[in-house]
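What follows is a single structure, written as structure tokens, with notes after it.
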Amino acid sequence: MKLKMIYSFLNADINIIEKELEDTIQAESPLLHEASLSLLQAGGKRLRPVFVLLGGKFGNYDINNIKNVAVSLELIHMASLVHDDVIDDADLRRGQPTIKSRWDNRIAMYTGDYIFARALDVLSNINKPIAHQILAHTLVELCLGEIEQIEDKFQFNQNLRKYLRRIRRKTAILIAASCQLGAIAADVEDELHKKLYFIGYYIGMSYQIIDDVLDFVGTEKELGKPAGGDLKQGNITLPVLLAMETPAIKDNLVKITDHSTEAEIERALELIKNSDAIDRSLTLSELYLEKALKLIAELPQNRAKNLLRDIAKTIGKRKF
Amino acid sequence: MNANKNAKLQDMNTRLMNLKEVLQKKTRQPYMSKIIQQPYIDEDKLLLIMFIVDNLQIPKSKADKYIITTMLVQIALDTHESVQNEPLPLERLKGRQLTILAGTYYSGLYYQILAEIDDIFMIRTLAEGIMEVNEHKVSVYSHARVTVESLMESLKKTESSLFDRITHFYNRGELGELAANLVFINRVLLEKKQFLAGKPSILFDALSKLFETEQSVPFTLHNNKQSLIHICDKYVSLSFKEIEQSIDKCEHTELFREKLKWMKSQQQEAVQSFVEEG
């Protein structure tokens, strides 16, 4: 089942958030507005808002309050995508031209900064210092994760621990914070919002591992961007690390640099795809999901609990 | 009296340098420092925010945090401003990538420091400032302004919105105006310097475009160089005048006045050399 179908019971509130996102990015400058809107209209899974809403369902759920958190986190995600496209020099995102390719790097930088500030502005409607402390810590970690990713490019001697720390910072903690901040905005008690943090964290780890696998096995149409991009850019993800445990494959992979030819990259991609690294990566993803499911089982019984469980299971089976 | 004034100037200078050192430490990240330069810290803006915070009589416990976080935002904006459009050779790509992340990292730090002291008001104030700055940056850069007046106003906002937001909250609009005029003069002088050196200038590009549209005939920059410079000088003089009218309403102006004197001499020098070079 598709993710969007699973959380259809949240549809009315998701629609409120979509509308709020559109209203929030109303810039005075027509160009800035158009650039922000194009990103918004390119779609996306709206995973972070969904996790915020679900977190909120464990407390005093008031959409007019919780929407501030949901909108803010989606905007932060959007802002980071705009800047990431400049970093990666990417022309396509979700099958649509990126802001940097439709306009240029400068417009992308201004748009990203504008959206980021909008996100903080919206969250400032939540008068709970702990919410800001959690988000601020998350943002700094997120950035350090990206810096680390650049530092580790083409570093084939890195270990699994380093990879896990990187995806924790890069993806998992924002999903974790989404669950937790939704709960905090709804006055959920400490123990429960901390549990929700870990549920989001484990789901996020699993999600990113699958993302890294899909980069090898997905098609350009499914991914909305060329497949194999991670290795081409020197990002050493889990399938690469696991494939390198086979000495013959390792010998080939360590020769990959930013000067490698398309043919050399293609050969490396084939080696990884034909190894057991893909299955073993999925097994690790499964382990994280199991951890999430175990914690979900401990949550108070309500519809959001069932939904969290279904989302976790669907993420484990997603194809793109 | 003079000894007193000198001692006060000395104190302010020491404080300025201490704050600069704090900013340098905050923005240092081991890997980034290996690949890219330490960020540019605009000392004039640092002096200005110090001056504003002192005039607003913000409690000491918050004053330095406000100065540091406003400057972190400024540094973040300046860092992202340095990202250019030109494609780069492979060996320089990493530098650009880290520059982008560095700017975001500094923004994150501003938020983190204010979140730690539970200052949601200042988080919002600076966020509003960032939004406004970027609104105007896009307008200036994309040549969206249709009059010289609105172009200059937008340029001023790109430099002053952070300070404006703070002073307006404290109902000290005149302080905001003073700050805005100072940073505006600095920016125009910088753009003029770039232009005269034959380097790209966002302001002069936008002005040329405006003239081209107004005249509906091909605009030759060479012939109209003098008129463009004249427009800029006019705005600079006006801003100096506005500063002089409002500075007496403020306190702690010692270092500020020194700075002003120096800026005026720079302006005079530029005019002189422009006249001499014809």
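The values are calculated or read from the model by the stated rules, or taken from the named source; none is laboratory data. Being a predicted model, the structure only gives us computed values, none of them experimental. Quick reminder, even Gly has a Cβ in these numbers, built from the backbone with ideal geometry, and neighbours come from all protein chains shown.
Within segment A:101-126, restricting attention to residues that are at the interface with chain B (Cβ under 9 Å from one of its Cβ atoms) and among the basic types (K, R), the residue that is nearest to B:I120 (Cα to Cα) is A:R118. A:S80 meets all of the listed conditions (1) facing another protein chain (nearest Cβ under 8 Å); (2) closer than 15 Å to B:V83 by Cα; (3) touching a residue at least 24 places away in the same chain (Cβ under 8 Å); (4) of a type outside the set (K, R) but one, namely (2).
If B:A144 passes every condition in (1) without any contact (Cβ under 8 Å) to a residue 60 or more places away in the chain; (2) in a helix (DSSP H, G or I) but one, which one does it miss? So the condition that B:A144 fails would be (2). Among the residues of segment A:87-107, are any of a type in the set (V, I, T), closer than 27 Å to A:G234 by Cβ and within 15 Å of the chain's Cα centre (by Cα)? Scanning segment A:87-107 turns up no residue that is of a type in the set (V, I, T), closer than 27 Å to A:G234 by Cβ and within 15 Å of the chain's Cα centre (by Cα). Please specify each residue of segment A:62-76 satisfying the condition of being in contact (Cβ under 8 Å) with a residue 40 or more places away in the chain, more than 13 Å from every other protein chain (Cβ to nearest Cβ) and either buried (at least 21 other Cβ atoms within 10 Å of the Cβ) or in a helix (DSSP H, G or I) (or both). Result: A:I63, A:N65, A:I66, A:K67, A:V69, A:A70, A:V71, A:L73, A:E74.
When B:I68 is tested against the conditions (1) away from every other protein chain (no Cβ under 14 Å); (2) without any contact (Cβ under 8 Å) to a residue 40 or more places away in the chain; (3) part of a helix (DSSP H, G or I), the lone failure is (2).
For segment A:202-220, the set of residues classified as surrounded by fewer than 23 Cβ atoms within 10 Å (Cβ to Cβ) and without any contact (Cβ under 8 Å) to a residue 40 or more places away in the chain consists of A:D215, A:T219, A:E220, listed by residue number.
In summary, B:A144 fulfils each of the numbered conditions (1) within 30 Å of A:I126 (Cα to Cα); (2) surrounded by fewer than 24 Cβ atoms within 10 Å (Cβ to Cβ); (3) facing chain A (nearest Cβ under 9 Å) with the single exception of condition (1). Reported count of residues in segment A:284-320, each being touching a residue at least 60 places away in the same chain (Cβ under 8 Å), within 19 Å of A:Q208 (Cα to Cα) and of a type in the set (D, E, K, R), is 5.
Of all the listed residues (B:P59, B:P87, B:P39), the sole one being within 30 Å of A:G234 (Cα to Cα) and free of Cβ contacts under 8 Å to residues at least 24 places away in the same chain is B:P87. Take the conditions (1) within 14 Å of another protein chain (Cβ to nearest Cβ); (2) in a helix (DSSP H, G or I); (3) of a type outside the set (V, I, T); A:R161 misses just one of them, which is (1).
If we scan segment A:260-268, do we find a residue that is crowded, with 19+ Cβ neighbours inside 10 Å, over 20 Å from A:K2 (Cα atoms) and small (G, A, S)? Break it down stepwise before answering.
Just the residues of segment A:260-268 that are crowded, with 19+ Cβ neighbours inside 10 Å, to begin with: A:268.
Then drop every residue that is not over 20 Å from A:K2 (Cα atoms), which leaves A:268.
Now narrow it down to the ones that are small (G, A, S): A:268.
Yes, there is a match, as at least one residue in segment A:260-268 is crowded, with 19+ Cβ neighbours inside 10 Å, over 20 Å from A:K2 (Cα atoms) and small (G, A, S).
Flag not set for B:V133, criterion: outside the structural domain of B:K26 (by the TED database) and farther than 30 Å from A:G145 by Cβ. Cβ-Cβ distances below 6 Å connect the following pairs, each with a first residue in segment B:96-125 that is assigned by the TED database to the domain that holds B:I36 and of a type in the set (K, R), a second residue that is surrounded by fewer than 24 Cβ atoms within 10 Å (Cβ to Cβ) and at pLDDT below 95, and a separation of six or more residues or different chains: B:R96/B:L88.
Looking across segment B:230-278, the residues that are at pLDDT 80 or above and hydrophobic (A, V, I, L, M, F, W, C) come down to B:I231, B:C232, B:V236, B:L238, B:F240, B:I243, B:I247, B:C250, B:L260, B:W262, B:M263. Look at segment A:19-32: where a residue is within 14 Å of chain B (Cβ to nearest Cβ) and touching a residue at least 12 places away in the same chain (Cβ under 8 Å) and a partner is of a type outside the set (S, T, N, Q) and part of a loop (DSSP other than H, G, I, E, B), sitting 6+ places away or on another chain with Cβ atoms under 9 Å, you get A:L31/A:W103; A:L31/B:A144; A:L32/A:I25.
Just to be sure before I move on: is B:H136 more than 7 Å from chain A (Cβ to nearest Cβ), under 26 Å from B:F204 (Cβ atoms) and not charged (D, E, K, R) in the structure I sent? Spell out the reasoning first.
Numbers: more than 7 Å from chain A (Cβ to nearest Cβ): yes; under 26 Å from B:F204 (Cβ atoms): yes; not charged (D, E, K, R): yes.
Yes.
Going through (1) in contact with a helix residue (DSSP H, G or I) (Cβ under 9 Å, 6 or more places away or on another chain); (2) at the interface with chain B (Cβ under 7 Å from one of its Cβ atoms) one by one, A:L174 falls short only on (2). The listed residues are B:E128, B:E91, and the only one of them that is over 16 Å from the mean Cα position of the chain (by Cα) and farther than 24 Å from A:I115 by Cα turns out to be B:E91. Here the condition is being assigned to a helix (DSSP H, G or I), of a type in the set (S, T, Y) and crowded, with 18+ Cβ neighbours inside 10 Å; of A:S38, A:S80, it holds for A:S80 alone.
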